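Worksheet: the structure to be examined is printed underneath.
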Amino acid sequence: MEQDRGVACCSADAARRFHRISVEGNLVGIIEFRKVMMEVRDMGLEDDDEIRAQLIMRTKIYNYVPPKAEKGYGDALLEEYKNTIADEG
């Protein structure tokens, strides 16, 4: 069976849902990064610990976060969150 070479195997939309962040010095891919950031932003939270908890909870819906690396993910996500929200402000 001949494959149609004019059609990409993955949609461009899937690529837009992927973002790389540095977690404890390791580059990791996060699926639905922007969606998570915007959901947390829309909650109007101001406390970093609350923001971090929401970022981790929502990120884990779409991504595997190793239990031993959860703090590192939380710190990295919070930093990315602050950069993302600052860029929009």
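Coordinate-derived values only; no laboratory data. Remember, it's a predicted structure, so these values are computed and weren't measured experimentally. Positions of Cβ are backbone-derived with ideal geometry, glycine not excepted, and every protein chain shown enters the neighbour counts.
For Y62 and D87 in the same chain, what is the full-extension length gain: residue separation times 0.36 nm, less their Cα-Cα distance, in nm?
Working: separation 25, 0.36 × 25 = 9.00 nm, distance 2.40 nm.
Answer, rounded to one decimal: 6.6 nm.
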Please list, in chain and number order, the residues 5+ apart from I30 or on another chain whose amide H is under 5 Å from its amide H, with Hs placed from the backbone. H19, R20, I21
Which whole-Hz ³J(HN,Hα) couplings does the range 66-79 yield from phi under the Karplus relation 6.51 cos²θ - 1.76 cosθ + 1.60, θ = phi - 60°, glycine and proline marked x? x, x, 5, 9, 4, 5, x, 4, x, 5, 5, 5, 5, 4
Quick one: Karplus J couplings for the range 25-40, per residue in order, coefficients 6.51, -1.76, 1.60, θ = phi - 60°, nearest Hz, x for Gly and Pro? x, 10, 7, 10, x, 10, 7, 6, 4, 5, 4, 4, 4, 6, 4, 5
Local electrostatic count at S22 - Lys and Arg +1, Asp and Glu -1, tallied over other residues with Cβ under 11 Å: -3
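Please list 66-77, 21-32 highest first by mean number of surrounding beta-carbon atoms within 10 Å per residue.
Values: 66-77: 15.5, 21-32: 13.7.
Top to bottom by mean Cβ count within 10 Å: 66-77, 21-32.
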